[in-house]
Amino acid sequence: MSIKSARKNRLAPLTRQFPDRQMLKDFIKLEGLPVDRRAHRLERAQDIWDLREIARRRTPKGPFDYVDGAAERELSLGRARQAYDDVVFHPQVLRDVSDVNLTRSVCGSEVSMPLAIAPTGFTRMMHSEGEIAGVRAAHAAGIPFSLSTMGTETIERVAEAGPDGRTWFQLYLWKEDRETSFSLVDRAARAGFDTLLVTVDTPVAGARHRDARNGMSFPPRLTPKTFLNASYRPEWWINFLTTAPLGFTNFGGTPSHSLATIGDMFDPSLDISELTWLRSHWDGHLIVKGIQTPEDAERAVEAGADGIVLSNHGGRQLDRAPVPLLMLPKVRERLGEEATILIDTGIMSGADAVAAVALGADAALIGRAYLYGLMAGGAEGVARGLSIFRAEMQRTLQLMGIPDINSVGRDHVGLDWRAA
């Protein structure tokens, strides 16, 4: 059969014409180069994984892997992510979800959504805007910002940068100088920080093999390898070389440490009596971070804590640690409804945060997700990440038929989609 005959025998032959000029004009829109390249880059990110990819392209390998990696074989991190991927929602239909409420009471005050920025160390190593970017974006979004003991901005400067929002302080009890740790608590109280997060899962540092393989140091050093890696990431290095030197600013100096030696500052002798002492010296909310079992959660509250962060330190300490999301229902049952339960590790979307709330958390802490935004575009990148979280939470609740985050519960979620 000829080509011409085949065309005639088609069931629905097309009748062709010249394109309409107005149609072409409407369809073909040639955009000029964006004036604000950062804003254009961030606007195209549709989820936190997109921000992660932008961050990977724009950040040297050492700092990026410090954020992205975990301990040993990274099993704890992978399992935490898998737990969220295995969640199944049980949607309700024919409900009015035209107006969705995300506000929630967390640690005694209202937040605009059940989310807070987790404490992260060495933050200006990821992007020179560091903690200032984080606190301003968090407070603009109406959520708390947590400053780490190992932060790269002072307690006072962070408080000054975020005077109208809530700031939390994370404390490591220092091995060599316990009085210095206690002085940080006093400074945080004077600066208006309302919640103290005491990290208790670091008797020693975890084995973070990516950092060791990268020869990672704080601050980063320019070696032939890092120079080559920096050659196509000039913005990061220009910012690094032309801004204030990196250091643990809350200790008054700019130390240079191999990340492998940071663990020397942790205290394997820390025990439950320290919580009792802190309770007597801290008037705000006291939250114990790094709890991984119902028994330890109960012990922390009995020692005077207002609540806990159910956390395996982002998989960065003990590999094969319990998965926080899977432990959450048991911990909530043990503590009852009054104690605050926050959760971290593996949270990469608003749907993840909704699942955590449904299973018993008051709110979720985000560390990696926040830093991906920071590395992707400074304060604007963090703001973009938080707006993504907000949109995802709202859309998830609408598709579940639930108009209020405070109404979501165990009936609305399962831990294994295969058993739904």
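The values are calculated or read from the model by the stated rules, or taken from the named source; none is laboratory data. A quick note: this is a predicted structure, and the numbers were derived from the prediction, not measured. Reconstructed Cβ throughout: ideal geometry from the backbone, glycine too, with neighbour counts over all protein chains shown. Accessible surface is based on the protein model in full, side chains and every heavy atom, while ligands, DNA and RNA are left aside. Shrake-Rupley method; radii C 1.70, N 1.55, O 1.52, S 1.80 Å.
For this structure, a couple of remarks:
- Yes/no for Arg52 being under 13 Å from His127 (Cβ atoms), touching a helix residue (DSSP H, G or I) at 6+ places or on another chain (Cβ under 6 Å), touching a residue at least 24 places away in the same chain (Cβ under 8 Å) and in a helix (DSSP H, G or I): no
- When residues in the stretch 166-202 are screened for being crowded, with 18+ Cβ neighbours inside 10 Å, under 21 Å from the mean Cα position of the chain (by Cα) and either assigned to a strand (DSSP E or B) or at pLDDT 95 or above (or both), 12 of them pass.
- For Ile308, the conditions (1) under 19 Å from the mean Cα position of the chain (by Cα); (2) assigned to a helix (DSSP H, G or I); (3) without any contact (Cβ under 8 Å) to a residue 40 or more places away in the chain are fulfilled apart from (2).
- Of the criteria (1) closer than 28 Å to Ser76 by Cβ; (2) within 20 Å of the chain's Cα centre (by Cα); (3) open to solvent by 20 Å² or more (accessible area, probe 1.4 Å), which one Thr152 fails: (3)
- Some residue of the stretch 335-346 being modelled with pLDDT of 95 or more and part of a helix (DSSP H, G or I): yes
- Criterion (at pLDDT 85 or above, outside any loop (DSSP other than H, G, I, E, B) and charged (D, E, K, R)) met by exactly one of Arg299, Arg320: Arg299
- Test set (1) farther than 30 Å from Gly346 by Cβ; (2) open to solvent by less than 60 Å² (accessible area, probe 1.4 Å); (3) touching a residue at least 12 places away in the same chain (Cβ under 8 Å) - Leu94 fails condition number: (2)
- Residue check for Arg57: at pLDDT 90 or above, within 22 Å of the chain's Cα centre (by Cα) and either surrounded by fewer than 13 Cβ atoms within 10 Å (Cβ to Cβ) or farther than 30 Å from Ala339 by Cα (or both): yes
- Output for the stretch 227-239, where each listed residue is open to solvent by less than 40 Å² (accessible area, probe 1.4 Å) and either at positive phi or modelled with pLDDT of 70 or more (or both): Asn229, Arg233, Trp236, Trp237
- Options Thr345, Thr340, Thr276; residue that is surrounded by 22 or more Cβ atoms within 10 Å (Cβ to Cβ), closer than 25 Å to Arg187 by Cα and either touching a Cys at 6+ places or on another chain (Cβ under 8 Å) or in contact (Cβ under 8 Å) with a residue 12 or more places away in the chain (or both): Thr340
- With respect to (1) closer than 27 Å to Ser183 by Cβ; (2) in contact with a Phe, Trp or Tyr (Cβ under 7 Å, 6 or more places away or on another chain); (3) crowded, with 21+ Cβ neighbours inside 10 Å, the lone exception for His139 is condition (3).
- Residues that are under 25 Å from Met393 (Cβ atoms), surrounded by 13 or more Cβ atoms within 10 Å (Cβ to Cβ), among the acidic types (Asp, Glu) and out of contact with any helix residue (DSSP H, G or I) (no Cβ under 6 Å at 6 or more places or on another chain) do not occur anywhere in the stretch 103-114.
- Qualifying residue in the stretch 323-332 (condition: over 30 Å from Phe64 (Cα atoms), surrounded by fewer than 24 Cβ atoms within 10 Å (Cβ to Cβ) and among the β-branched types (Val, Ile, Thr)): no
- Elements of type strands (runs of 3 or more DSSP E) in the stretch 68-159, at least 2 residues being at pLDDT 95 or above and within 30 Å of Trp417 (Cβ to Cβ): 104-106, 115-117
- Of all residues in the stretch 358-369, exactly one satisfies the criterion of being open to solvent by 10 Å² or more (accessible area, probe 1.4 Å) and in a helix (DSSP H, G or I), namely Arg368.
- Where a residue in the stretch 322-337 is more than 16 Å from Lys289 (Cβ to Cβ) and among the hydrophobic types (A, V, I, L, M, F, W, C) and its partner, wherever it lies, is part of a helix (DSSP H, G or I) and open to solvent by 20 Å² or more (accessible area, probe 1.4 Å), with Cβ under 7 Å and at least six apart: Val323/Arg79
- Search result, residues across the stretch 395-410 that are farther than 17 Å from Leu94 by Cα and either among the polar types (S, T, N, Q) or out of contact with any strand residue (DSSP E or B) (no Cβ under 8 Å at 6 or more places or on another chain) (or both): Asn406, Gly409, Arg410
- Output for the stretch 370-420, where each listed residue is open to solvent by 50 Å² or more (accessible area, probe 1.4 Å), at pLDDT 95 or above and outside any helix (DSSP H, G or I): Pro403
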